[in-house]
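In what follows, a structure is listed as structure tokens, so that the remarks can point back to it.
The values are calculated or read from the model by the stated rules, or taken from the named source; none is laboratory data. Note that the structure is a prediction, hence the values are computed from the model and not measured. Note that we place each Cβ from the backbone using ideal geometry, even for glycine, and neighbour counts take in every protein chain shown. Please note that ligands, DNA and RNA were not included when accessible areas were found on the heavy atoms of the full protein model with its side chains. Shrake-Rupley method; radii C 1.70, N 1.55, O 1.52, S 1.80 Å.
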Amino acid sequence: MTRHFLCATRRVFSIACATALATLSLGVSGVASAAETTPLPAPKVDPALAAQVPKFYRDRGTLTAGVNPDVAPIKFVDADGNIVGFTPELLSAAAAVLDLKVRLAQSSFDALIPGLSANRFDVLLSLSDFTSRQKVVTFVDYLDMGLTVIALPSKAKTLQSLDDLCGMQLALPRGTATMEKASILSDKCQKAGKQPVTVATYPDSNMTLLSLSTGASQVAWVDSPIGYYNESKFPAKYKVVYYNAEAPYGIGFGVDEKSRQLANLIRQALLKLQKDGTYDLLLKKWGLTAKDAKPDFPINGGTR
């Protein structure tokens, strides 16, 4: 897939265009390959739920899921080039309860919602459930998450607050909510008489973290699952120096009637997977903990 780098300049903070890593592949970043294979119970079709699947999806038998696979262990590309992770496996199991299959279609993050609106995708894997997105996406929340600031262990300094980022070189995945947050933070730095934040944007979280190793950035701001996962897998490379709570992760569906009905059925299937232990087994398999779980799977549960 060709990846295009865009540079944007804001009045309130400086942005350095991340071109040095444009030719590097995802696998170079050091994000771990798939988890050790853990036997899981085969999902059983629930005839009553399957009968309620809208005819539009039932006739096709397959859901097309748009996915930007850059957040290990949630969704990423393994060493064999396959999209793997907690969310693809969880959705596939939930779909199987409804007697459906899932086809994964790789996409850039910023093309996910437009692709859903244009009916290129039936499902999105996955997005932070912000209230502003609920106008165009119906979310089934399945994980709690936050944001982590990552640094090299050799240069790590625990941050007392995000204000400590003033004057630093910060790496961000392009198209994420952290772009706006960094803009607001940098403006705050300048108003306080401090140096602004210098931000470099990258096409995904993998390259964002890689910028630490190359020295292009001092810190990286990424979703907490990828932050803690990489800290645990590569303690010599990454250290979490700050955490702040954010919105839950949600599997995304459209907002029309059939999509909302499908979202509700996926939620019912997920509740069955939680009851039979599959959800907990998948958390364990992919290195997630109980604090990451959202076992009631609310619809549009995000409040930020």
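Might you let me know whether region 163-172 holds any residue that is open to solvent by 10 Å² or more (accessible area, probe 1.4 Å) and in contact with a Leu (Cβ under 7 Å, 6 or more places away or on another chain)? No, region 163-172 has no match at all. Selection of region 67-96 for residues being over 12 Å from the mean Cα position of the chain (by Cα) and closer than 21 Å to Asp144 by Cα yields Val84, Glu89, Leu90, Leu91, Ser92, Ala93, Ala94.
If you go through region 58-73 and pick out every residue that is touching a Phe, Trp or Tyr at 6+ places or on another chain (Cβ under 6 Å) and under 16 Å from Ser128 (Cα atoms), you end up with 5. The condition of being touching a residue at least 40 places away in the same chain (Cβ under 8 Å), within 18 Å of the chain's Cα centre (by Cα) and open to solvent by less than 50 Å² (accessible area, probe 1.4 Å) does not hold for Val102. Would you confirm, using the coordinates I've provided, whether Ala35 is touching a helix residue (DSSP H, G or I) at 6+ places or on another chain (Cβ under 9 Å) and modelled with pLDDT of 70 or more? So Ala35 fails the test.
Pro88 falls short on exactly one of the conditions (1) closer than 27 Å to Val241 by Cα; (2) modelled with pLDDT of 95 or more; (3) not aliphatic (A, V, I, L, M), and that condition is (1). Looking across Lys272, Lys291, Lys233, Lys285, one residue alone is open to solvent by 50 Å² or more (accessible area, probe 1.4 Å) and touching a helix residue (DSSP H, G or I) at 6+ places or on another chain (Cβ under 8 Å). It is Lys272. In region 151-177, the residues that are of a type in the set (D, E, K, R) form Cβ pairs under 7 Å with partners that are open to solvent by less than 50 Å² (accessible area, probe 1.4 Å) and part of a loop (DSSP other than H, G, I, E, B), at six or more places apart or across chains, as follows: Arg174/Pro203.
Taken over region 185-226, the criterion of being open to solvent by 50 Å² or more (accessible area, probe 1.4 Å), β-branched (Val, Ile, Thr) and more than 11 Å from Ala171 (Cβ to Cβ) is satisfied by no residue. Pairs linking a residue in region 68-79 that is of a type in the set (S, T, N, Q) to a residue that is open to solvent by 10 Å² or more (accessible area, probe 1.4 Å) and not in a strand (DSSP E or B), with Cβ atoms under 9 Å and 6 or more positions apart or on different chains, are Asn68/Ser107; Asn68/Ser108; Asn68/Phe109; Asn68/Asp110; Asn68/Ala111; Asn68/Gly175. Here Phe121 meets the list (1) under 17 Å from Val137 (Cα atoms); (2) surrounded by fewer than 24 Cβ atoms within 10 Å (Cβ to Cβ) almost entirely, failing just condition (2).
Against the test of being in contact (Cβ under 8 Å) with a residue 24 or more places away in the chain, out of contact with any Ser or Thr (no Cβ under 8 Å at 6 or more places or on another chain) and outside any loop (DSSP other than H, G, I, E, B), the options Ser259, Ser211, Ser232 yield a single qualifying residue, Ser232. Of note, Leu127 does not satisfy the criterion of being over 19 Å from Val241 (Cα atoms), among the aliphatic types (A, V, I, L, M), modelled with pLDDT under 95 and touching a Pro at 6+ places or on another chain (Cβ under 9 Å). Tell me whether region 239-253 contains one or more residues that are open to solvent by less than 20 Å² (accessible area, probe 1.4 Å), farther than 30 Å from Leu172 by Cβ and in contact (Cβ under 8 Å) with a residue 12 or more places away in the chain. Checking region 239-253: not a single residue is open to solvent by less than 20 Å² (accessible area, probe 1.4 Å), farther than 30 Å from Leu172 by Cβ and in contact (Cβ under 8 Å) with a residue 12 or more places away in the chain. Flag: Gly250 matches the condition of being of a type outside the set (Lys, Arg), under 30 Å from Ala50 (Cα atoms) and either touching a Ser or Thr at 6+ places or on another chain (Cβ under 9 Å) or in a strand (DSSP E or B) (or both). Where strands (runs of 3 or more DSSP E) fall entirely within region 57-136, those with at least 1 residues that are hydroxyl-bearing (Ser, Thr, Tyr) are at 62-67, 123-128.
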